[in-house]
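Below you'll find the structure, written out as structure tokens, and then a few comments.
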Amino acid sequence: MQTKTPRRGTIRLTRRGRIALIATGTVAAVTAVAVPLLLPDDSARPQTLTIPEGWRSSQVYGAVDKALDVPPGTTKKAIPQAALKLPDDAGGNPEGYLFPATYPIGEKSTPASMLSYMVNTATKNFSGGQVTAGADRNAVNVYQTVTIASMIEAEAGSKEDMGKVARVIYNRLEQGMPLQMDSTINYALNRSTLNTRDSDTKINSPYNTYTRMGLPPTPIGNPGEEAMRAATSPTQGDWLYFVTVKPGDTRFTSSFEEQRKNVAEFNKNKSKDEEGKDGKDGKDGNDGNDENKQNS
């Protein structure tokens, strides 16, 4: 979470940045672009709250609690009273619709008003013609597109990889393959790690995309513009697997045998890391560190 003073009358939307490990709660600086302010202007100079791309709703609630200096859990409890304008598919759960941006905090700001502001910003960004047209092209609805974008946000190691990760998701859905995304298991277990064990892939959860077919029931975080762009316009390709062998080296393939070789190289590199080091820049990654993961 960051607090700073913006120009009055604007909110600054984040572009994709490097986010430190969720487990440590550290967040790197995020670049931003301006959009119109949606909240009433307060007479006092507002402070701001930055929500980075990929944060889960639980992290957003905690950040709002801290920024507004209210008891922990207050923001989450405010959801029923906030009258959030969410799609019917969301079932009242704002996950995926707490749009990553820098929001002003004024004297009249409340948890409900902050949540409403975030959801309204998401709705504005997700209701455009490009998003709806992209969803139609990919044979999914907008809510499912947001869900896919949230997985892209968690899995991709860089902006350049996002379109390819999106294509892997759509190719596996089209071929009736389980998605096998570590990020969805991490969401179910409320953690962020690369060390997904074979036992983890057997948990009984609707977010276990190793044992459950199709998409998880909700987004697994709050995606930004780049991830949404990838979800609506995925890169063309026949890839079914990917693994980040080392930072900056994510390999995509349609061959399971080639994937196994890449996984072996990943494991070799991982064994060289210092003991206890876990995660990579806040991204979960479908890194296939157990060969069983990609054995569809």
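Residue 149 versus (1) more than 26 Å from residue 249 (Cβ to Cβ); (2) buried (at least 20 other Cβ atoms within 10 Å of the Cβ): which is the lone unmet condition?
With respect to (1) more than 26 Å from residue 249 (Cβ to Cβ); (2) buried (at least 20 other Cβ atoms within 10 Å of the Cβ), residue 149 is out only on (1).
Against the definition (among the aliphatic types (A, V, I, L, M) and assigned by TED's automatic domain parsing to the domain that holds residue 241), how does residue 98 come out, yes or no?
In short, no.
State the number of residues belonging to segment 114-172 that are touching a residue at least 12 places away in the same chain (Cβ under 8 Å), among the polar types (S, T, N, Q) and assigned to a helix (DSSP H, G or I).
Here the count works out to 11.
Does residue 162 fit the bill of being in the same structural domain as residue 244 (by TED's automatic domain parsing), farther than 19 Å from residue 249 by Cα and not hydroxyl-bearing (Ser, Thr, Tyr)? Step through it out loud before you land on a result.
Details: in the same structural domain as residue 244 (by TED's automatic domain parsing): yes; farther than 19 Å from residue 249 by Cα: no; not hydroxyl-bearing (Ser, Thr, Tyr): yes.
No: the conditions fail for residue 162.
Being in the same structural domain as residue 171 (by TED's automatic domain parsing) and under 16 Å from the mean Cα position of the chain (by Cα) narrows it down to one of 151, 118, so name that one.
None of the others qualify; the one that does is 151.
Looking only at segment 11-18, decide whether some residue is surrounded by fewer than 16 Cβ atoms within 10 Å (Cβ to Cβ) and modelled with pLDDT under 95.
Scanning segment 11-18 turns up at least one residue that is surrounded by fewer than 16 Cβ atoms within 10 Å (Cβ to Cβ) and modelled with pLDDT under 95.
Given the conditions (1) buried (at least 16 other Cβ atoms within 10 Å of the Cβ); (2) closer than 26 Å to residue 92 by Cα; (3) modelled with pLDDT of 90 or more, which single one is not true for residue 189?
In the conditions (1) buried (at least 16 other Cβ atoms within 10 Å of the Cβ); (2) closer than 26 Å to residue 92 by Cα; (3) modelled with pLDDT of 90 or more, residue 189 misses (1) alone.
Do any residues in segment 96-107 that are crowded, with 24+ Cβ neighbours inside 10 Å have Cβ atoms under 6 Å from those of residues that are of a type in the set (D, E, K, R) and at pLDDT 95 or above, where the two are at least six apart or on different chains, and which pairs are they?
100/53
Would segment 84-100 turn up any residue that is at pLDDT below 95, assigned to a loop (DSSP other than H, G, I, E, B) and over 19 Å from residue 50 (Cβ atoms)?
No, there is no match, as no residue in segment 84-100 is at pLDDT below 95, assigned to a loop (DSSP other than H, G, I, E, B) and over 19 Å from residue 50 (Cβ atoms).
So how many residues does segment 230-257 have that are in a helix (DSSP H, G or I) and among the hydroxyl-bearing types (Ser, Thr, Tyr)? Working first, answer last.
Taking segment 230-257 first, the residues in a helix (DSSP H, G or I) are 230-232, 256-257.
Within this subset, residues satisfying the condition of being among the hydroxyl-bearing types (Ser, Thr, Tyr) are 232.
Qualifying residue count for the region: 1.
Is at least one residue of segment 57-72 surrounded by fewer than 19 Cβ atoms within 10 Å (Cβ to Cβ), at pLDDT below 95, over 30 Å from residue 215 (Cβ atoms) and touching a strand residue (DSSP E or B) at 6+ places or on another chain (Cβ under 6 Å)?
No; the residues of segment 57-72 include none that is surrounded by fewer than 19 Cβ atoms within 10 Å (Cβ to Cβ), at pLDDT below 95, over 30 Å from residue 215 (Cβ atoms) and touching a strand residue (DSSP E or B) at 6+ places or on another chain (Cβ under 6 Å).
Would you pick out the residues in segment 242-262 that are over 24 Å from the mean Cα position of the chain (by Cα), more than 17 Å from residue 179 (Cα to Cα) and crowded, with 20+ Cβ neighbours inside 10 Å?
262
The values are calculated or read from the model by the stated rules, or taken from the named source; none is laboratory data. Predicted model, so just to flag it, every value in this text is computed and none were measured. Ideal geometry is used to build each Cβ from the backbone, glycine not excepted, and the neighbour counts take in all protein chains shown.
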